[in-house]
Amino acid sequence: MSESRDPAGDSTTTNNMGEVREAEHQGAAVKAALGANIGVAIAKLCAAFFTGSSAMLSESVHSIADCSNEIVLMVGGRFSKRKTDGDHPFGLYRAKYLASFVVATLLFFVGGFFSTSEAVKKLVAISADPALRDVNRMFIVVVISACLEGFGLHQSIKEANERMERTNTKHMGVFRFWRHTKSAELASVIMEDTLALIGLAFAGLGIGLAILLDDEIFDALGGLMVGLVLIVGSLFLAFKSGSLLIGEAVDSDTRGKIVEAVTTTPGVERLLNMQTVHMSEDDILLCVKVQTSKLDRDYDVETVDKIEKAVRTALPWYNFEIYVEPDIYSAKHVHA
């Protein structure tokens, strides 16, 4: 089996391109979300303290959990860039996926479970006399929070659009991008900001009904809905990040381009088998087994180099770790 990280003479160029892409892709959405959530958390905590609103308390916990999540994502991102050791021969890229899975857990337990339990306690202990105070402040906080969370979501969508444009997949919508992206941190931030806006809508609705109908139970119900939204969202995020952590293959479009690049390479008679795994958003492990025109060793080495160059030329926005094995077709091969 022949292995190569970069074609001869191209390693420096490819690595530099990867470093440039990495520098341009430093997780601006995560940093923007962290800044917005710090401000939102402070505002919500003040509102919850002065008004006694259950919905505001749930939202405060939600924002504090989000701040913790962004910090975890940033730590995971920095750890993934460390140089590897003998125990991790393919790098530490998946630290990002582990961080995203931790975020999903934090979102569930710290955000969803706590918010739901607090709302249930208030529903059980609710009295006939309304305890809500300074409702105008609550609406101001909801509006300000929605603006900040909306800004964070805008930054996330902007980064997603840049990613789609860079990989020539701009025909995707944001929802489809979230389903198919291999960027765990971007998927986490998009989910967090979306859940935050939905939670604010429920919190605002609960507070509004509590004021209009003079019944505190609607405020508690608003807090309960915030908690349930967080739990459902965290389960989706856990499934997404867990799948990435286990190891996902490239999407169908990328696979098609790789197959075309390999099969159209001079000297390749047949693609016998191909396996791909995303090590990170931009790093792919590629293993291919091909039947070449000749089984002369020198000729095979030349063909392998051509395959590697063809794949990298077809998909220049990815960093490839490529293993190529020339072989002869047999029934045991799974045709790609």
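The values are calculated or read from the model by the stated rules, or taken from the named source; none is laboratory data. Treat the numbers as computed from the prediction; the structure is a model and nothing was measured. Glycine also receives a Cβ, built like all others from the backbone with ideal geometry; neighbour counts cover every protein chain displayed. What goes into the accessible areas is simple: the full protein's heavy atoms, side chains included, and nothing from ligands, DNA or RNA. Shrake-Rupley method; radii C 1.70, N 1.55, O 1.52, S 1.80 Å.
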Single unsatisfied condition, VAL229 versus (1) closer than 24 Å to SER117 by Cβ; (2) open to solvent by 10 Å² or more (accessible area, probe 1.4 Å); (3) touching an Asp or Glu at 6+ places or on another chain (Cβ under 7 Å): (3)
Scan region 77-95 and give yes if some residue there is farther than 16 Å from SER241 by Cβ, hydrophobic (A, V, I, L, M, F, W, C) and modelled with pLDDT of 80 or more, otherwise no. yes
Go through region 27-47 and count every residue that is of a type in the set (Val, Ile, Thr), surrounded by fewer than 21 Cβ atoms within 10 Å (Cβ to Cβ) and touching a residue at least 12 places away in the same chain (Cβ under 8 Å). 1
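Residue by residue, here is whether (1) in a loop (DSSP other than H, G, I, E, B); (2) under 15 Å from the mean Cα position of the chain (by Cα) holds:
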| residue | (1), (2) |
| --- | --- |
| ALA47 | no, no |
| SER58 | no, no |
| SER63 | no, no |
| CYS67 | no, no |
| GLY77 | no, yes |
| LEU92 | yes, no |
| PHE101 | no, yes |
| ALA104 | no, yes |
| PHE109 | no, no |
Of the numbered conditions (1) within 30 Å of GLU162 (Cβ to Cβ); (2) touching a Ser or Thr at 6+ places or on another chain (Cβ under 7 Å); (3) among the hydroxyl-bearing types (Ser, Thr, Tyr), THR254 fails exactly one; give the number of that condition. (2)
Within region 240-257, restricting to residues that are hydroxyl-bearing (Ser, Thr, Tyr) and open to solvent by less than 30 Å² (accessible area, probe 1.4 Å), the one that is farthest from ASP282 (Cα to Cα) is SER241
Residue that is nearest to the chain's Cα centre (by Cα) [pool: residues in region 229-268 that are part of a loop (DSSP other than H, G, I, E, B) and touching a residue at least 60 places away in the same chain (Cβ under 8 Å)]: GLU248
Of (1) closer than 30 Å to THR276 by Cβ; (2) open to solvent by 70 Å² or more (accessible area, probe 1.4 Å); (3) part of a helix (DSSP H, G or I), ASN168 satisfies every one except (3)
Say we look at region 269-278 and pick out the residues that are within 37 Å of the chain's Cα centre (by Cα) and free of Cβ contacts under 8 Å to residues at least 40 places away in the same chain; which of these is least open to solvent (accessible area, probe 1.4 Å)? THR276
Of LEU286, LEU230, the only residue that is aliphatic (A, V, I, L, M) and within 30 Å of GLY150 (Cβ to Cβ) is LEU230
Has region 279-296 got at least one residue that is acidic (Asp, Glu), open to solvent by 40 Å² or more (accessible area, probe 1.4 Å), free of Cβ contacts under 8 Å to residues at least 12 places away in the same chain and closer than 11 Å to PRO326 by Cα? yes
Filter region 136-157 for residues that are in contact (Cβ under 8 Å) with a residue 60 or more places away in the chain and either open to solvent by less than 90 Å² (accessible area, probe 1.4 Å) or not in a helix (DSSP H, G or I) (or both) and give the result. MET138, PHE139, VAL141, VAL142, ILE144, SER145, LEU148, GLU149, GLY152, GLN155, SER156
Taking interchain pairs and intrachain pairs at least six residues apart, which have beta carbon atoms under 6 angstrom, with the first residue in region 87-100 and touching a residue at least 40 places away in the same chain (Cβ under 8 Å) and the second in a loop (DSSP other than H, G, I, E, B) and surrounded by 13 or more Cβ atoms within 10 Å (Cβ to Cβ)? PHE90/MET279; TYR93/MET279; TYR93/SER280
One residue from ALA196, ALA220 being over 20 Å from ALA33 (Cα atoms) and open to solvent by less than 10 Å² (accessible area, probe 1.4 Å): ALA220
If I ask for residues that are open to solvent by less than 20 Å² (accessible area, probe 1.4 Å) and at pLDDT 75 or above, which ones from region 96-128 would you list? TYR97, ALA99, SER100, VAL103, ALA104, GLY112, SER115, ALA119
So PHE50 fits all but one of (1) closer than 30 Å to LEU209 by Cβ; (2) touching a Lys or Arg at 6+ places or on another chain (Cβ under 8 Å); (3) crowded, with 17+ Cβ neighbours inside 10 Å; what number is the exception? (3)
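Picking from VAL301, VAL311, VAL324, which residue would you name as being farther than 26 Å from ARG166 by Cβ, surrounded by 14 or more Cβ atoms within 10 Å (Cβ to Cβ) and modelled with pLDDT of 80 or more?
On inspection, the qualifying residue turns out to be VAL324.
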